[in-house]
Every structure is written in C-alpha cells, then in structure tokens.
Amino acid sequence: MSDNNSEFEQKLQNSENLKFVDQQEAGNTATAKPDAGATEAAEQPASDPSHSPQKSHNLSKLVVIGTAVALLIIGVVVYYPEYHLSNIHAALRDHNLELAKSHVDSLQAFPFTNKAEVHFLTARLERRRGDYDQMNAFLEQAEAEGYDSVMIQRERILAAAQAANLELAQPKLPELLNDPRGDEREICEAYIIGFLQFQQHSAALQLVDAWQNDFPEDARPHFLQGVIEKSLFNHKEAEEAYRKALEIDPEYYQAALDIADVLLTLKDTERAIQYLKMAEEHPDFRVDSYTAQAHCLRMLGRDEQAEQILRVVISEYPEHMSASIELGRILVETNRPKEGIAILEPIIKRDPRNTDARHMMAMGLRSLGDLNKAQEHFDYVEEVKENLADANQIAQRIGSGKESIDQRLEIAEKFWTYGSEQEAMIWMRSAYQLDSLYLPTLEFMKRYYEVKVKEDPKLQQQLDRFISEVEKAKARQLQQSEIPTTADSTETAENNGSGDES
Amino acid sequence: MNKPNSILFTVLLSVCTMVVFTGCREEDPFDKLTSIDAVNESMGENNPSGILPDLSVTENLGDNQVGKNILLNEITPDSGIDFTYRNGREAGNNSILESLGGGVAILDYDLNGTLDIFFPGGGKYDGEDKQKITGLPGALYSNNGDAVFANVTNQSYTDNQTLYTHGCQVGDFDNDGFPDFVLTGWNGLLLFHNQGDGTFLEVNEIAGLENTLWSSSGAWADYNGDGFLDLYVCNYVNWSFENHPYCDGPTPTQREICPPKEFEPLPDNIYYSNGDGTFYNAREFANLTDLGKGLGVMSADYDLDGDVDIYVANDTVANFLYVNDGTGQFEERGTLHSVAFDGVGNSNGSMGIDVGDYNLDGKPDIWVANYEQEAFALYRNDGQAMFTYVSDRTGVTSLGGLFVGFGSLYYDFDYDGDEDILITNGHVINYPRSGRLLQLPVLLINEKNEANNYRKMVRKKFDDHGYMATGHMGRGLALGDLDNDGDADFVFSNNVEPAAIVENTTEQTGVNVRVKLIGRSTNRDAVGSILTLKTSAGDFVRLTRGGASYLSQSDPRMYWSLPADTTINSLMIQWPGGQTQEVLNIPTDRALTVVQAAD
C-alpha cells in the first residue's frame, strides 16, 4: 500500500503545475498557501474582568459572567468549526468553489479545530480547482496531522482520474464505488471529467446514469449529462438533461445558461432568451446573461435594444470581452465602423487570437476602405478556424492508447497556436500521461514552459525540469540508436523502471 | 440608562441603521436595464419566472398573418408528370453519392411558347457487389400549354443512361436559338444539343467537355465576352468505392452516410467556348482555386461592372466569389467580400443559392441555403460586390437550425414589389440528430418595417395539408410560368420521392411583368444582363444569371409582380459588356421578348 502511495505521489508530483481548470466552476480566488493561517491564529480578545467598570460587584456575579463567557468560548470553539465544515461540504457539493474557499480560509485561520480534516478538505478543494500542487501540499499536511492515509490515497486517485490519468485511475474505479465512504459524488465527477478528456463519452454517461439513480435529487449529474450530450452534438438530449437539472434545482443558473447556449446553436433564439432571463436572476450570472440577451436581440434585428444593454454592461465591466465584441459587431454592422474598431482594437490587443473580434475588425476596416489590413484579419480568422476544425476532427476519432500520442500532440499544438491554452494543456497532459518519456511530448512541454515562464517566473522550476527531461530523453534516444533494438520509448521506460507505468 | 439617553440611543441607532441600509448600499448597475424600453416585457412575456419554457416547441412553423393571400397548390396528379429521381440507396451502400439528389430544368425546348420540364434521372448500383455505378434515364415532359404535360423522353432522345446524374443546366451554347442542356453527375458530363426538331443529340465528347470528376452544378455564361456561352462546372469530393469509409450511425450496426469532411475537395473546371460548339478547359487561365467542394454555382454581374462574376456554394468549406476582370480571368475574393463564411467567419455546408435585390437598393444580394444548425445566409450587397452577412438582422436566423436547405429562389409572391424567398429542404443522412429527414419547404416573406426601414424575412405558415405544409426530401427547385397565366409556378424535385408541380394560384391582385432577352452581339441567352424596371413605385432590378438554385434551371425570363396601382415607365437593360437599351410600353398581359438593339 505504501508503495502505491508513493506511486501516486510520484505521479502527481510529476504533474506539477499541469492544471486542469473546470472552466465553469473555477473562480478567480487567490490560491491558498499551505501555511496560510498557521501564523495568523485568531487572537481572541481576552475577557479581563479586572478592566470591567463593575469590578466592585460580588464574586457570584463574576462567576456567572465568567461561566457565560466560558460557555460562549466553548460554544464558539465547538460550533464555529462545525459550522464551517458543514458549509465546506455543502459548497463543494453545490460546486460553489469560491464559497468553499472562503469557509476553508476561515477554518485555516481558526486554531481550535481538527487541522487534519481542514487540510484534507482544502486539498479536495484545490483538486476541484485543478491545482494539483496545492492539493499535494495540503494532503501532505493532512497526513502529517494524522489524517486517514486511505482517504488521502483515494483523494490522489481522484486527482489522477480528474487529470485524465486513466491508466492509473480507471482500475481503481470499481474499488472506489464499492466502498465510496460517502464520496460517491466526488468519485463520479472526477472520473467523468477524466473520461471526457479522453473522449470516453459512453463511460462518462454510465457514471452519470449511476449517479442519477443513486441520488435522484441531485441536479449535478443531470447538468454533467447535459455537458456530455452537448459535446456529442446531441442537442435535444443536452437540453433535456439541463432542464432536468433545472427542475431539480431551479437555481442551477449555469444549466439555464448552458441550455441557452444549446438553443443558440440550434438558432432557437426566442427560447434561448427565456432561459437567459432565468439566469439573470443570480448576481453571478447577470452579466453573462445580459450579454447573451443582447446577442439574441441582435439576432432578432433589435440592434438598438441590444446596444443599450451592452453599453450598460461595458460601462460597469469595461473588460468584458463578449460584450465588447458584440457591441463592436453592432457598431460595424450599423455603419459606424470607426466606433466599432475603437471598441474592438483593445480586445484584439488583449487576445490576438479572438476570431470573432478579428472578423468584425476586418469588416470594419473593409468599410473604411483599408482592404489590405482587412484581408490580413480575414485570413487569420480563416487560418484559425481551419486549424481548430482540424483539431476537433482529429479529436473525434482519437484512440485512447499510446498510438494516439502524436495525434494528441498535434491537437495540443493546434490549440496552443490557435485556440484555448487550457485545451492545449489538456491534450498535452493526456499525451504526457500516456508516455512521460516520449521526446516530442517533453519538447512540447519545454516549449510551453519557455513561453509561460515569461509570464510567471515561478515556473522556472518546471522549465528546468523539462529541459532536463528533454536532455535525458535525447540521451536515451542516442543510446537506443547505438544499441540495435526495436524497442520503443515505452519499452525503454519499462526497462528503466522509471516510467509512470512502472 | 435614563430615559432621555435611551431615546437618544434609539434615534441614533435608527439613523445609523438607515445610513447602513440606504447610504452605504452598493447600487446595482443592472437596475438601469429595467428602465430600457420594453426589454424585459418583450423578452420575458411568455415565461413567468420559474417556469421552464415549453420543450415541445421544436420548430417555428411561421406566421399565418404574413402573405395571407398566397396560395400554392400542388397539381402533380393532374399534370401528367410522374417522375421520381432515384439514387440507388436500395443497394445499401450508404454512399455520399446518394445524398446529392437531382435537380430540374424548365425550358421551352421546342420554342412553342410553353415551358417544358426536364428531370435528371439519377442512377443505381449494378453488379454482384452492387458497386458498379450506372445511370438512370431522365425524363423530358412537353407542356401542352395549360400545365398538362406529355412524356417525350424517348422521342426526344434524352433517355441516355450512361451517367449517374444530378443537375441540369440549360444554355444555348451554339446561339442557334434552341436551348441545349448539360447534365452533371458522377465522373462525367452529358451535353445534349437541341437539334431544333424536337430531338437532342448527346455531344459531350465532341464538344470537349472532358470533366471526369464528380460534378454537381453548372452555370452557363459568357465569361470572356466573346459572345458564346461558356460553362462553369462545380466538382464535389473524391468519393468512389475505392474511397468509401464506414461511418458510424447512432449504433455500430447502423451505417451512416459519411459527411463531406471525410473526403478531399475536387477542383472545379471552367470550359470556354471555341465558338464552334466545342470547348476547352480554361481553369488555369481563369485562376480557379482547388479547394472547393462545390454544390451550387451562380453566374451574374454582382459588382454591376458589365462582366459576369461567379459565386460558388461549397459544402463545409469557404464559398467562392470569383470577380471577373472582364477578360475571363478571375480573382477569388470570397473572404474579403464577406460571402465566403457566415457572420462569425465559419464555413457552412452551402448548397442552394440565388441572387435578388431584397432591400430594393438596386444592388444584387446573395442568398445561400445551408446545412442544419447553420443559419441560411443572406448577404447584403453594399456596393462593388462587398457584402455584409445580414441573416441575423433580417430574421433569417430566427428560422432555427433544423433545415438542410437546397433549391432556393427569389420571387415576389405577394405583389408588394420586393422579392420573397422560397427554399426546398430535406435531409441528407440516414439518422439526423436534430433535424427531420423529411422537411417542410419554407417561404420567407419580405416585410418592411416602415418605422426603422429594416426588412425582415418572415416565414409564412401554411395551414392547409398541401405540398407546402408537408415534409419532403427536397433538392431541386425551379420556377416558370407553366400555365402562362402571368405568374410563376414551381417545380420541386425530390430525392427518391416524386417530383411536384406547384401552381401559383394566388389571386393576381397586382401587375405581372415577364421579360425574355435575346442577345445579338452578346450570348443569345443574355446571361449577365441587368434589367431595371422603372415604375411609379420605384426601380426594381433583376439579373439574368447562369446556374442558381440547386442542380436546377429556372425559366430564363425575368419576373416582376408589382402592386396594382403601379405605373410602369420603362425597362432599362444593361446587356453583358455594358450596352444599355431602354424599352417603353411594357405589356402586363403577356410576356415581353426584347431583342438586343444593334450596336
């Protein structure tokens, strides 16, 4: 068992900084430090009766007050952690990671609590947020505080599943489900995310089904079913699943937004608006809801109303990309290209790969007669769309074995060059999981960190690591070419006994 | 605490509380939105908070208040036409070849003044393994004069069955006054020369149309201005039984027809006339690109500069706009001119096309029927053939994404002077995920909002159980005045479903104008002309074009239907090459034929 533990540790440490961020859930909350709160133990104001103006009162009164204060302190010490713990569990269950984070922070700062459990829950939160380095750090602290080592190991398995390290995690699934220890939802969700990254939709749907059967009142599996069906282009099924989530939990506004997205794909603007109106109810979703409603209004030819909404959104959130692009589009399309370009230019500066912004920029420039610049933008948009379409096409056919590594890297390259960095990371990571010694993968990762370290110098350690890994891989290749053998990198890894599969 | 103090404390507490709950409250910026005129009312009117929208609403069937007087009545059983395009699907090959279907051509082949109809026949698979691709004969129907037809296929020698056929394009390639036609199909073309005696002779080989690729549509036009029709041929993808992958359906045992993305594009060809009834392939001279998966093509003068340009609708890849420099050399400018993609730069599965002037600004606007979940595209011409995608703001997008659109036509159904759009639809695969296999035709009525001058395309709802209110496997669509009553009637060709003749029985509350052009110094069909009908209600422009719709050919005459109180002043014709000619005294009770004036 301890060997297994170290394997998981090794595995997860290998994956330092390879973050999978659940796009829909992850907030912008600052990352918790493992030692946060340790030096900030709450200093309770001492209750010193000698400073009371009533010090001349008799002893019995002091006893009563002292008892009351003591009871209050005991109450706080007992109730306060319990309150936060139950809220952490609820927030994790509801996927409100920001709320969970605030409760975790409160508990980390509170001295009289079961630190092992707090560290464990913090680790779980960090896993859910996709920060596996933090997760590992907190799991180590939980272990040091004496937390159940089996639970810690299980959490690492869930991390592996969530990070799509299915070779490692998949065999453990039956064991976890047979003895879920109250973590059924966590298990299902982590594996579903992993399955989805490997395009294993039917496996993901099976888990969703089991989850729905065991917890009929839980909206989350229906929401995830919607996500899966949507990714399979099964729009009707996706809509039905999201609806079910909304029926169970009418405040599941993300489901409402997602249905609207499905309906907009189907060009069913009228019904999309109705769902967007629901999402408008919640402060967290209002901006996105209004922006999408403006999009719908434009689709319905109601430019003026759309523009009014977008101007309000942008006045409050000048950085809101979608709202700015939508407004830029309306301005360009209603013969105000200069105004439109003024809105779109900063967007393109911030995100040069934003095809929507560049498409409208091209239209605006064309209206002003700058055909050459317009053509540049049009060409870029075409190039991006073609490459992303290729990437998606490859992804739809990809296998799950090692023979798919090159294709995974090809997809990662396309996303890295043209699309979402997050998608690129998912594919790069999946290639790495399949063979952590494969030179092209390591070279890709080295290139990635060479770029990223410029934004975040803390990633230098990762870059150094992959520089070293690339050198080692090259040395292995050289060694192999000198020894007449047909062994591939996987076999070499196995012979060396240093691969993830060892 | 004494009483005054306690009162003071209470007052202070109240004040503080008020400050906290009012003065310090952060203002919600979105409260402003509630004051925006009618946003909430109009957007939420059908949805009381907390009630989920109706799941059963899957298709917006349209508005029965628009085009109330329009009547389209199927007359197929009484017309003498009994024709079904066959694609060989019974062999179970599930090939993409079967998905294209066939078109229809309306022509007056015997010049007797009534419009006749030709249907390409399609094909089948022969051999033990059912993989030998062969053709089925098409059918030529001769109009007796009142939309009753006789099958004259055999006596006209148009029963050739050497080619698995799709499209039919009519053009008088030898300028002898009798319409000829070309058939497109799998790995070949057939060119039928009208011998003027009611018979045709297949002359493809002699003529030099050596296209051996899988052709879909074609467009006749005089691209190089030498006075003879040339032919643009769209080729599709490199499918054959040597390249016939298995594509999964919903379950592993259900084989699906593979999508075009599984195959490589084939280069289009353009054949320039030698002036003697033969052609040469001028694709290099014309600067054609190699990257299309062409399904629809339409030649017209989009930039109104006197020469003929070409618009190609490609399946899943960028559409082309070839701008002619006047010599028959082109520059492909689809992207820059914004007709290559939809409004966000995505390529669509484009099939059916037509050109008209939906906003009556005198500039030709392009219509494109696309695949499901892609809105149909309406590209507004802003001048010099620079277009803007206006599907959103014209309400076209509101149709929903359920349709797989094919044959398309501009025509003014409701006598208000602006052109409406008719589209025939039908699916191409065996197991659609969202749309239906059999789909309703769609008639979009062009409505002008006088308040803001916006134009909306509103789907007309057909309440009867006629052709327009039932699902079909639609493909080809052509128009022509089959019964010579002044308005246009319609022929729908369907995939493995009987073709339909739909008579326009709308009460003729306005003025009908029909004009046929005969070129003299230009090609006789006068493809590439611009006709402007000058009236008391404004100017109404029509373009003669080659190709258009999908695999089909409409009557080459131009049609107008105008409000009853309209006074027609004149017809201004700009012939290909730029010569202009004004015609006065335009008749409304019969078709007008205008012969090009001598230079």
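Neighbours of A:H235 by Cβ distance under 13 Å: Lys/Arg scored +1, Asp/Glu scored -1, total -2. Per residue of B:343-350, other chain Cβ atoms within 10 Å of the residue Cβ number 5 on average.
Of all DSSP beta bridges in the protein assembly as shown, what percent run antiparallel (nearest 5)?
Roughly 95 percent of the DSSP beta bridges within the protein assembly as shown come out antiparallel.
Relative contact order of the range A:107-203: 21 percent, from C-alpha pairs under 8 Å at least 6 residues apart in sequence. Listed values for the range A:259-275 are Karplus-derived 3J(HN,Hα) couplings in whole Hz (6.51 cos²θ - 1.76 cosθ + 1.60, θ = phi - 60°), namely 4, 4, 5, 4, 5, 5, 4, 7, 6, 9, 5, 4, 6, 4, 4, 4, 6, and x replaces Gly and Pro. Shielding value for A:367-376 is 2, the average number of Cβ atoms from other chains within 10 Å of each residue's Cβ.
Descending by average beta-carbon neighbour count within 10 Å, the peptides A:456-464, A:227-235, A:70-78, B:379-387 line up as B:379-387, A:227-235, A:456-464, A:70-78, the highest first.
Shown here for the range B:176-272: chymotrypsin sites (Phe, Trp or Tyr not before Pro) in loop regions (DSSP other than H, G, I, E, B) with at most 11 other Cβ atoms within 10 Å, namely B:Y246. The calculated FRET efficiency for the pair B:N274 and B:Q329, based on their C-beta separation and a Förster distance of 30 Å, comes to about 0.95.
Its Cα gyration tensor gives the range B:542-599 an equivalent ellipsoid, and the semi-axes of that ellipsoid, as √(5λ) in whole Å with the largest first, are 21, 19, 10.
Take every Cα pair under 8 Å whose residues are at least 6 apart in sequence, average their separation, divide by the length of chain B, and the relative contact order is 15 percent.
Using just the helices of chain B, give the 222 nm mean residue ellipticity in deg cm²/dmol: DSSP H runs with n ≥ 4 each add -39,500 (n - 2.57), and the total is spread over all residues, rounded to 500.
-1500 deg cm²/dmol
Between the helical axis of B:3-18 and the longest alpha-carbon principal axis of chain B there is an angle of about 10 degrees.
Placing pseudo-labels 7 Å out from each Cα toward the beta carbon at A:K349 and B:A150 gives an inter-label distance of 7.8 nm.
Please identify which residues in the range B:61-87 have an amide N closer than 16 Å to a label point set 7 Å out from the Cα of B:H465, following the Cα→Cβ vector. Under 16 Å, as judged by backbone N against the label point of B:H465, lie B:74 of the range B:61-87. Could you calculate the FRET efficiency of A:D390 with A:S231 from 1/(1 + (r/R0)^6), where r is the beta carbon distance between them and R0 is 22 Å, rounded to 0.05? With R0 = 22 Å, the Cβ-Cβ based efficiency is 0.80. Of all beta bridges that DSSP places with both ends in chain B, some 95 percent have antiparallel geometry. Please give the net charge around B:T335, taking every other residue with its beta carbon less than 9 angstrom from that of B:T335, where Lys and Arg add +1 and Asp and Glu add -1. That works out to -2.
3J(HN,Hα) along the range B:97-114: 4, 6, 7, 5, x, x, x, 7, 10, 10, 8, 9, 5, 9, 6, 9, x, 10 Hz, from the Karplus curve 6.51 cos²θ - 1.76 cosθ + 1.60 with θ = phi - 60°, whole Hz, x for Gly and Pro. For GluC sites (Glu not before Pro), the sites in the range A:305-393 that DSSP calls loop and that have at most 12 other Cβ atoms within 10 Å are A:E319.
Over all distinct Cα-Cα pairs of the protein assembly as shown, the Kirkwood formula returns a hydrodynamic radius of 33.2 Å.
Across peptide A:299-311, the average count of Cβ atoms from other chains found within 10 Å of a residue's Cβ is 5. Remark: the B:L61-B:F285 segment gains 75.9 nm on full extension, using 0.36 nm per residue and subtracting the alpha carbon distance.
Rule-based calculations on the coordinates, nothing more; no lab input. This one's a predicted model, so the numbers in the text were calculated from it and none came from an experiment. Cβ sites come from the backbone with ideal geometry, for glycine too, and all protein chains shown count toward neighbours.
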